[in-house]
Each structure stands twice: as C-alpha cells, then as structure tokens.
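Below you'll find the structure, written out as structure tokens, and then a few comments.
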Ligand SMILES: [Zn+2]
C-alpha cells in the first residue's frame, strides 16, 4: 500500500484483486470540496428546497510521481485526475452491513501511468529522450 494515501477521514477497507481485504488508515489530511447551500425560494410539502453549488477542492496535493490519493466520491468528481481515486463498489456482508469496497475508482483515465510514446519504456511524464514522439 505504498502508493495509496487516504485523504478521507475514515478507515477504508479495500478488497484487493487477490480477494484480501486491507484496511487503509486515514492519513490525517483530508481533501474536501467547498460547497454552498442556497435556499431555492420554495418548498415542497413543507420541506425547504436548497440548491447546492460546489466550489474549490481543498487539501488535495499536486500530483507526485508514484503517489495516488484516495478521496470521497464528491471530491473525485471535482478533481478529474488519474492519480485521484475514490472508494470502489460497496461490499456488504450477509446481514447487509458494509464491510469494504471493491477496488478503487479513478476519477480520470488521463495522466494514468504508462510508458512514453517514444518507445523508451520510461514513464511518459519522466521521459528525458526529448524526441518528437515523447508524450
Ligand atoms: Zn519519450
């Protein structure tokens, strides 16, 4: 689990490809997204209706080689980056209690680690070949 940093306030139980369930403790830092609720000016059956507006993402570090950040689904939606992940499909036990999640969800397929287009076999963002095919 050297490449995963949990930026949620909760312990995450992630089921690995091997089937093993691994607990990822919170890192102590929390990524969140600013949100504002404004009264929509009406109510339905007496319930006030609000409109939610999302603002800036707070507490999400810049991309770092070899590091991936796990955030809540709401933060992941606001931060489409290949290194930003959110908990995968919820797994429940026989009594319906949540026990963990199946893998993780990438918030974007862009910036995923892959070897450079020039054929150097080096991670594309780190390639120093400076060929016209790099990228
Ligand atoms: Zn290259």
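Quick note: the coordinates plus some simple rules give every number you see, no bench work behind them. Remember, predicted model here, so these are calculated numbers, not experimental data. A quick note on method: Cβ atoms are made from the backbone with ideal geometry, for glycine too, and the neighbour counts reach across all protein chains shown.
Here are 64, 81, 32, 114: which of them is within 16 Å of the ligand (Cβ to nearest atom) and within 21 Å of the chain's Cα centre (by Cα)?
It is 114.
Give me a count of the residues in the range 76-93 that are surrounded by fewer than 12 Cβ atoms within 10 Å (Cβ to Cβ) and either in contact (Cβ under 8 Å) with a residue 40 or more places away in the chain or assigned to a strand (DSSP E or B) (or both).
Qualifying residue count for the region: 3.
Checking the structure you have, find out if any residue of the range 35-45 is free of Cβ contacts under 8 Å to residues at least 40 places away in the same chain and under 22 Å from residue 10 (Cα atoms).
Yes, there is a match, as at least one residue in the range 35-45 is free of Cβ contacts under 8 Å to residues at least 40 places away in the same chain and under 22 Å from residue 10 (Cα atoms).
Is the range 19-32 home to any residue that is assigned to a loop (DSSP other than H, G, I, E, B), under 21 Å from residue 114 (Cα atoms), in contact (Cβ under 8 Å) with a residue 24 or more places away in the chain and touching a strand residue (DSSP E or B) at 6+ places or on another chain (Cβ under 8 Å)?
So far as the range 19-32 goes, no, none of its residues is assigned to a loop (DSSP other than H, G, I, E, B), under 21 Å from residue 114 (Cα atoms), in contact (Cβ under 8 Å) with a residue 24 or more places away in the chain and touching a strand residue (DSSP E or B) at 6+ places or on another chain (Cβ under 8 Å).
Of the residues 119, 96, which single one is more than 16 Å from the ligand (Cβ to nearest atom) and part of a loop (DSSP other than H, G, I, E, B)?
96
Filter the range 104-135 down to the residues that are surrounded by 15 or more Cβ atoms within 10 Å (Cβ to Cβ) and in contact (Cβ under 8 Å) with a residue 40 or more places away in the chain, then identify the one that is farthest from residue 80 (Cα to Cα).
That would be 104.
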